[in-house]
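Worksheet: the structure to be examined is printed underneath.
The values are calculated or read from the model by the stated rules, or taken from the named source; none is laboratory data. Quick caveat, the model's predicted, so the values are computed rather than measured. For neighbour counting, all protein chains shown are included, and Cβ atoms are generated from backbone atoms with ideal geometry for every residue, glycine included. The accessibility values were calculated without ligands, DNA or RNA, using every heavy atom of the protein model including side chains. Shrake-Rupley method; radii C 1.70, N 1.55, O 1.52, S 1.80 Å.
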Amino acid sequence: NAGVTQTPKFRVLKTGQSMTLLCAQDMNHEYMYWYRQDPGMGLRLIHYSVGEGTTAKGEVPDGYNVSRLKKQNFLLGLESAAPSQTSVYFCASSPRGGPYEQYFGPGTRLTVT
Amino acid sequence: AQSVTQLGSHVSVSEGALVLLRCNYSSSVPPYLFWYVQYPNQGLQLLLKYTSAATLVKGINGFEAEFKKSETSFHLTKPSAHMSDAAEYFCAVSTLNDMRFGAGTRLTVKP
């Protein structure tokens with residue numbers, strides 16, 4: 001099993017450009033998450049999904065959109081990138097919330113100039 | 001909403017010394033608590049978790065943590081540090097649909 005994979009691994013955008021990050025999991029997990037990691041701030045939840053066709057806002061959702069059209073995929077979109085969105089983005093999945101651990105992808109390093 | 005505070009953004013120990021990484025949480029409901037480790041340029045991996053069974057939880061690589069409700073703490077320990085333990089460690093608190101992470105503690109192990 002590949003677990004959780006993320007595409008791409010690195011990306012450089014200019015301010016105002018758009019892009020989509022793809023997360024895929026092969027563990028048949030119901031829940032999927034998108035986080036951003038910034039120095040000294042830990043991981044902050046952007047959006048999450050508790051099942052196919054559902055999405056919800058996390059702690060820092062502004063400037064991002066998500067879609068979960070298929071159970072195994074969770075897409076994160078940036079419609080108009082800003083330098084403040086320079087970060088490392090992690091996708092994770094879990095069978096459920098609460099006591100279940102989350103399985104993380106390797107991350108995408110995004111730089112917005 | 002729940003939250004996590006990790007005391008000390010950087011901890012440095014000598015190889016063979018005790019490792020103690022501190023975590024305090026705040027939660028309005030009984031929490032589920034986790035410790036994750038992140039090696040350079042990788043995602044997070046689970047070290048251990050507390051889910052209301054035993055208060056002393058043993059994890060991988062010789063780490064353990066004790067849940068203390070009266071102190072709202074979930075500190076991570078390892079009796080003897082190894083060079084391979086150098087990494088960043090994150091404490092997290094979870095309820096049904098929400099997991100909150102601490103800011104992380106970077107552990108350095110000196111030879």
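General observations
- Counted charge near B:K78, where neighbours are those whose Cβ lies closer than 14 Å (Asp, Glu -1; Lys, Arg +1): -2
- Sequence-distant lysines (8 or more away, or on other chains) whose Cα lies within less than 25 Å of B:K69: B:K49, B:K58, B:K78
- For region A:10-113, relative contact order (Cα pairs under 8 Å, six or more residues apart, normalised by length) works out to 35 percent.
- Gap separating the Cα centres of region B:5-38 and region B:58-111, nearest whole Å: 4 Å
- Figure legend: label point modelled 7 angstrom from the Cα of B:S26 along Cα→Cβ; residues of region A:34-59 with amide N under 18 Å from it are A:41-45, A:59.
- Candidates per trypsin sites (Lys or Arg not before Pro) in region B:1-87, loop by DSSP, up to 11 other Cβ within 10 Å: B:K69
- The 1.4 Å probe gives accessible areas that order B:D85, A:D26, B:D98, largest first, as A:D26, B:D98, B:D85.
- Gain in span if fully extended, B:L46 to B:M83, counting 0.36 nm per residue against the direct Cα distance: 11.4 nm
- Amide H to amide H, with H built 1.01 Å from N, B:V19 comes under 5 Å of B:K78, B:S80, B:A81, counting only residues 5 or more places away or on other chains.
- Area accessible to solvent at A:M27, 1.4 Å probe radius, in Å²: 50 Å²
- ³J(HN,Hα), Karplus 6.51/-1.76/1.60, whole Hz, each residue of region A:23-40, x for Gly, Pro: 10, 9, 10, 10, 9, 6, 6, 6, 9, 9, 9, 10, 10, 10, 10, 10, x, x
- With all protein chains modelled, accessible area of A:E52 [1.4 Å, Å²]: 110 Å²
- Contour minus Cα-Cα distance for B:T108 and B:S14 (0.36 nm per residue): 33.0 nm
- Measuring nothing but how far apart in sequence close Cα pairs (under 8 Å, 6+ apart) lie, relative to its length, chain B scores a relative contact order of 38 percent.
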